[in-house]
Amino acid sequence: MSKIKQNRVGLFGGTFDPIHFGHLRAAEEIRQILSLTKIYFIPSSIPPHKEGSDITCASDRLEMLRLAIEGNEYFDISEFELESKSTSYTVDTLEHLSGAHPDTEFYFMLGNELFNHIESWKDYRRLFELAHFAVITRPGFSDLDSNKIPLALKEDFRYYKKIENVISYTKSGLRDVVFTEIGGIEISSTDIRNLIKSNKSIKYLVPDKIEKYIITEKLYA
């Protein structure tokens with residue numbers, strides 16, 4: 001008989017350039033909706049879709065993450081992708097984490113827009129052998145229809161159940177894709193950087209500690 005996994009951990013990847021209240025609130029809502037024991041923020045080293053772009057140095061993004069989650073016992077950071085110092089592929093991260101923590105049930109978190117293009121990711125079918133997927137959606141997305149699962153995955157996943165604002169699809173009962181509707185806060189890291197470049201306030205978009213760090217280190221100016 002297979003061992004029931006007690007740890008249910010969320011994995012939240014991104015550049016976090018900078019981390020903001022939108023990221024933090026989304027993680028908190030998903031944690032409660034899916035009854036996760038922990039959420040790991042995974043800052044990217046070199047995201048495949050942003051190769052060649054101007055990304056703030058890893059040490060600054062990591063420090064801002066540390067400041068943002070300080071005091072939250074449910075939030076932590078995985079530095080795996082930063083330590084690799086190469087292009088950050090999700091499949092490599094999931095291979096590493098699932099191998100290192102075989103008794104943990106992982107839920108990889110991402111927005112619905114990214115999930116719709118999952119077939120463009122490296123070894124995308126392998127991803128669903130390594131972790132469940134928690135797809136973040138906005139209000140109005142919860143009504144069941146046949147367009148939730150991207151075309152590339154329609155043969156693999158079937159509708160399973162709907163409980164309140166969570167719609168689940170399953171792959172032979174092994175891995176799930178769950179669409180989780182959250183209220184969230186609509187904030188963009190790009191908008192924050194542009195505001196700073198325009199010498200405008202970012203107060204109430206990021207935690208006070210992050211605003212102070214950005215000003216002190218003269219980031220994005």
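Please work out how much length the chain gains when fully extended from LYS203 to THR87, using 0.36 nm per residue of separation minus the C-alpha to C-alpha distance, in nm with one decimal. Each step should come with its number before you reach the end.
Working: separation 116, 0.36 × 116 = 41.76 nm, distance 3.24 nm.
Going from the current span to full extension adds 38.5 nm.
Can you tell me the length gained on complete extension of the stretch LYS218 to SER172, counting 0.36 nm per residue apart and subtracting the Cα distance? Before the final figure, lay out each step's value.
Values: separation 46, 0.36 × 46 = 16.56 nm, distance 5.09 nm.
Here the segment from LYS218 to SER172 would lengthen by 11.5 nm.
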Quiz item: Given springs between every Cα pair under 10 Å in a Gaussian network model of the chain, which of ALA100, ALA134, ALA68 has the largest fluctuation?
Solution: ALA100
Self-check item: Over the chain: helical MRE at 222 nm, DSSP H runs n ≥ 4 each giving -39500 (n - 2.57), nearest 500
Solution: -9000 deg cm²/dmol
Quiz prompt | Extension reserve of the ASN165-ASN194 stretch, reckoned as 0.36 nm per residue once the Cα distance is removed | solution = 7.1 nm
Practice problem: Express in whole angstrom the spacing between the alpha-carbon centres of region 160-210 and region 68-140. | Solution: 14
Quiz item: Long-range amide H contacts for PHE108: which residues qualify at under 5 Å (H placed 1.01 Å from N, peptide plane, sequence gap of 5 or more or a different chain)?
Solution: LEU11, HIS132, PHE133, ALA134
Self-check item: GNM flexibility winner over the chain from SER45, SER98, SER172 (Cα, springs under 10 Å)
Solution: SER172
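Each value in this text was obtained by applying a stated rule to the coordinates, not by laboratory testing. Owing to the predicted nature of the structure, the values given are computational and were not obtained by experimental measurement.
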